[in-house]
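Q: Take a look at this one; I'll ask things after.
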Amino acid sequence: MNQANLLGQWQEGTLRFTNTTTPAAVSNTVVPISVFASGGALPSEVRVTGAGVSGSGSLTLEGLIDLDEVSVTETELKRLDTVTPAIAVDGTPADAYDNPAVNFTRLVGRPTVPAGTSPKSAIFVEVVPSAGQDVDLFVGFDFDGDEVPDESEQLCVSAGDVGLRESCFLTADFATSTDQYWVMVQNFSSPAGAAPPAISVYSGALALGATDLALTAQATRGRTTAGQSLPIQLSWNMPHVGPGEKAVSILKLGSDRAFPTNAGLIPLILERSATPDLPAIVMNARQDVEVISLQPGQAHERIVVDVPPNATALILRTEGTGGDIDLYVSRHSGALTAPTFAAAPPRLQQPFTSIHPGNTEVVALEGAQLSAGRYYITPVNAGTSVARVTLSVFGEFNGSTTQPAANGYFNPARSGHGVFLARTPQVWALAWYTFDVSGKPLWYTAQGAAASANDGIWTAPIFRSTWNGTRDNPQQVGEVILTFNGTGNFTYSWFLDGQYGSEPFLPIGAPQCANGNLSVGGGWLRPDQSGWGSYFLNFAGNFEAEAIYVYDTNGLPRWVIGDGTYATTLQKNLFQVSGFCPTCAAVTTTRTQVGTASRTLNSPTAGTFSSNFTFADGLSGSWVQNNVNWVKLTPNLACP
């Protein structure tokens, strides 16, 4: 059973046994049966040990059914609540419920459910015993509301041998805000004569509709056939999880976008390493929040925010629990480095501070204290215990500033990747042509409400699409921030694959109308097959440059480029480009010719398109189109 509407459910039916002998030796018999429509042989969990604050990894799912449109998404990445109770040995271990008071019990309430999403949730609990200990784990729903575990309420039990970790993972229905599940841990046995050793209990409840980009899981195929493996790329950024702590997210596997969980749910546990590393963070000057765990004496020295020229106030605030936070702020001087940046200046060189007992600190910049550019934000834990800090940024803007026009943009110091920005009065969108970590071409899109006249910043979610052969499936994998500098250029910042990056972007040239009076440049697509297309611009001398956005054999987004001299019918030689990933050191790009594409324009906004090219240099797949309808999506330039 691989129908999308049946997966993930029990299906009821009957099995009929009909006697075929004469005379009848046995009576005809009908037996009711129940069959669970599974997505395949999924692992019970995925665990990453020794994880840094930011990192990446991969896993491969085997034994899957036919998934016509692979959907791999994830929930929020939640730090597991941790307690280490000393639990006495149960004198009657064969019955965990005869005296629940001797066991450890905690209650789990409904997590925050984002508006407009399913109330369905999941609970993950694990227990790690001390040496020589045998502990058992029980989880249930508190049906009677007495907050006491009862065997009739039990939904999960994990009872292994001495020294084994026990865990439970179950979906949860919190019908009301007062519903609760209980977790009970029993000390079945401990070494004789020893005091009750501490037991580590980790637990968390997650809303299946909640996501925060702290973890992203990206499928590397657009569809699978029965039995085909499915590699999945993982990346994370979890400054809210301290050294030695654990966090959990739920990987959601679906057979198509309409059924994102029907093929299965897999808990993913990240165990933080003991190294207190803190990678870079770029915050949004309009409004942003980051939650950070700081060890005693630790500072986060690589947090920045870029301020546009029409900002009139910037308010930076910390709140939290534990430790004692001090806040230091300074303006960066000199040119921006890309794509990463150095640590903040020493404390004594940071002129704006808020230093008081406790964790509530505020630095408010306005007037002569605030000017366009980059600011470092440095929270410092001056206390003797771990601090969990909520750092917030809020900006105020007044008056207009020069905003970037529809055009292509890049960093000349890191030439090879860039964006095409398109604008309408309601919506701004961009296509980002870049490379993966192996240097192969990869593209993303971003789209959001248009910047208003007083906006000095535009931000939007980043999407990566996969292709199942007939349509695309976009998935949010990051965020992008464009901070305008008042000259039509901008600082291009992103959060992608668990890492922040930033670099200054300039126009690639001055777009012109073809033949001086034809506005044909912009974004073009096939109207009956969304998810792929091209973007071309015309420049002086009727020079035309184009990037075509398509997919390889696995359904991953790839791009090729071509150029020529404008003509109503124009064929271009196409090249596949190899380069460097967004946060990698820049290298000289190389090009391999892979085929051709041609288009015929019947008007400045409609025509036909053909292509015939085959990927090279480690990529597989072809893209062949024959005189398909071709229409322009973006607005026209103002031509004479």
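The values are calculated or read from the model by the stated rules, or taken from the named source; none is laboratory data. If you're wondering where the values come from, they're calculated on a predicted model, not measured in any experiment. Positions of Cβ are generated from backbone atoms using ideal geometry, with glycine treated the same way; all protein chains shown enter the neighbour counts. What goes into the accessible areas is simple: the full protein's heavy atoms, side chains included, and nothing from ligands, DNA or RNA. Shrake-Rupley method; radii C 1.70, N 1.55, O 1.52, S 1.80 Å.
Q: Between Asp212 and Gln447, what FRET efficiency follows from the Cβ-Cβ distance if R0 is 30 Å, with the result rounded to 0.05? All intermediate terms of the calculation are to be shown ahead of the outcome.
A: On the way: r = 20 Å, r/R0 = 0.66.
Efficiency computed from Cβ-Cβ geometry: 0.90.
Q: Could you list the residues of the stretch 600-625 with an amide nitrogen less than 20 Å from a label point located 7 Å from the Cα of Cys584 in the Cα-to-C-beta direction?
A: The answer is 615-621, whose backbone nitrogens lie closer than 20 Å to the label point.
Q: While we're looking at this one, here's another question. Would you pull out the residues with amide H under 5 Å of Glu76's amide H, same chain only if 5 or more places away, H placed 1.01 Å from N?
A: Long-range HN contacts for Glu76: Ala210, Thr211, Asp212.
Q: Equivalent-ellipsoid semi-axes (√(5λ), Cα gyration tensor) for the stretch 557-640, whole Å, largest first? Write down the numbers at each step before the final one.
A: Working: eigenvalues 149, 62, 27 Å².
Gyration-tensor ellipsoid for the stretch 557-640: 27, 18, 12 Å.
Q: Viscosity 0.692 mPa s, temperature 37 °C: give me the Stokes-Einstein translational D for the stretch 451-601 in µm²/s, with Rh taken as the Kirkwood radius over C-alpha pairs. Don't skip to the answer; put the middle values down first.
A: Working: Rh = 17.7 Å.
Here the translational diffusion coefficient equals 185 µm²/s.
Q: Taking every pair of distinct Cα atoms and averaging 1/r, then inverting, what Kirkwood hydrodynamic radius in Å comes out for the stretch 64-205?
A: 16.4 Å
Q: Out of all DSSP beta bridges in the chain, what portion is antiparallel? Express it as a percent rounded to 5.
A: Working: 213 of 221 bridges.
Antiparallel bridges: around 95 percent, rounded to the nearest 5.
Q: Under the 0.36 nm per residue contour assumption, what length would be gained going from the current alpha-carbon distance of Thr568 and Val289 to full extension? Don't skip to the end; give the middle numbers.
A: Working: separation 279, 0.36 × 279 = 100.44 nm, distance 5.04 nm.
Here the segment from Thr568 to Val289 would lengthen by 95.4 nm.
Q: Evaluate the relative contact order of the chain (contact order divided by residue number), counting alpha-carbon pairs under 8 angstrom at least 6 apart; express in whole percent. Present the calculation step by step, with values, prior to reporting the outcome.
A: On the way: 1790 pairs, mean separation 75.5, N = 640.
Over the chain, the number comes to 12 percent.
Q: Each label point is 7 Å from the Cα along the Cα-to-Cβ direction; what then is the distance between the points at Thr553 and Val162, in nm?
A: If labels sit at Thr553 and Val162, their model points lie 5.4 nm apart.
Q: Using a 1.4 angstrom probe, figure out how much accessible area the chain has per residue, in square angstrom, rounded to the nearest whole. Walk me through the numbers on the way to the answer.
A: Numbers: 26420 Å² over 640 residues.
That works out to 41 Å² for each residue.
Q: What list of ³J(HN,Hα) couplings, whole Hz, do you get for the stretch 172-185 from phi and the Karplus terms 6.51, -1.76, 1.60, once you set θ to phi - 60° and write x for glycine and proline?
A: 9, 10, 9, 5, 10, 5, 9, 4, 9, 9, 10, 10, 10, 10
Q: Binning at 10 angstrom from zero up to the longest distance, how are the C-alpha pair distances of the stretch 301-415 distributed in percent?
A: 13, 37, 32, 14, 4, 0
Q: Simple spin-label model, 7 Å along Cα-to-Cβ: Cys639 to Ser400 in nm?
A: 2.6 nm
Q: Using the Kirkwood radius built from alpha carbon pairs, what does the Stokes-Einstein equation give as D for the stretch 470-514 at 4 °C and 1.567 mPa s, in µm² per second? Before the final figure, lay out each step's value.
A: On the way: Rh = 13.1 Å.
In µm²/s, the coefficient is 99.
Q: Going by average Cβ neighbours within 10 Å, how do the peptides 183-190, 338-345 rank, with the highest at the top? List each step's numbers first, then the result.
A: Numbers: 183-190: 22.1, 338-345: 17.5.
Highest-to-lowest ranking by the protection proxy: 183-190, 338-345.
Q: What distance in nm separates the simple spin-label points at Glu12 and Ile355, each placed 7 Å from Cα in the Cβ direction?
A: 7.1 nm
Q: Okay, moving on. With every protein chain present, what accessible area does Glu271 have (1.4 Å probe, heavy atoms only), rounded to the nearest 10 Å²?
A: Surface open to solvent at Glu271 totals about 40 Å².
Q: Roughly how many percent of the accessible protein surface of the chain is carbon and sulfur, given a 1.4 Å probe and a whole-percent answer? Could you put the intermediate results ahead of the total?
A: Details: 13730 of 26420 Å².
Its accessible area is 52 percent carbon and sulfur atoms.
Q: Right, something else. Can you give me the Rg/Rh ratio for the stretch 106-165, using Cα atoms for both radii and the Kirkwood formula for Rh?
A: Working: Rg = 14.8 Å, Rh = 13.8 Å.
Expressed as Rg/Rh, it is 1.07.
Q: Averaging the inverse of every distinct alpha carbon separation and then flipping it gives the Kirkwood radius. What is it for the stretch 25-126, in angstrom units?
A: Working: mean 1/r = 0.0497 Å⁻¹.
20.1 Å is the Kirkwood radius here.
Q: Kirkwood hydrodynamic radius (Cα pairs, Å) of the stretch 400-510?
A: On the way: mean 1/r = 0.0688 Å⁻¹.
With all distinct Cα pairs of the stretch 400-510 included, I get 14.5 Å.
Q: Let me ask you something else. Rg to Rh for the chain: what is it, with Cα atoms only and Rh by Kirkwood? All intermediate terms of the calculation are to be shown ahead of the outcome.
A: On the way: Rg = 28.8 Å, Rh = 27.8 Å.
On the Cα set of the chain, Rg over Rh gives 1.03.
Q: Please report the relative contact order for the stretch 21-131, taking Cα pairs under 8 Å with a sequence separation of at least 6, and give it as a percent rounded to a whole number.
A: Worked out over the stretch 21-131, it gives 16 percent.
Q: Follow-up question, since we're still on this one. Give the share of C-alpha pairs in each 10 angstrom bin for the stretch 209-313, from 0 to the last occupied bin, in whole percents, shortest bins first.
A: 11, 33, 27, 21, 8, 1
Q: Give me the compactness ratio for the stretch 190-244, meaning the Cα radius of gyration over 2.2 N^0.38 Å.
A: Details: Rg = 19.7 Å, N = 55, 2.2 N^0.38 = 10.1 Å.
In units of the globular-protein estimate, the stretch 190-244 measures up at 1.95.
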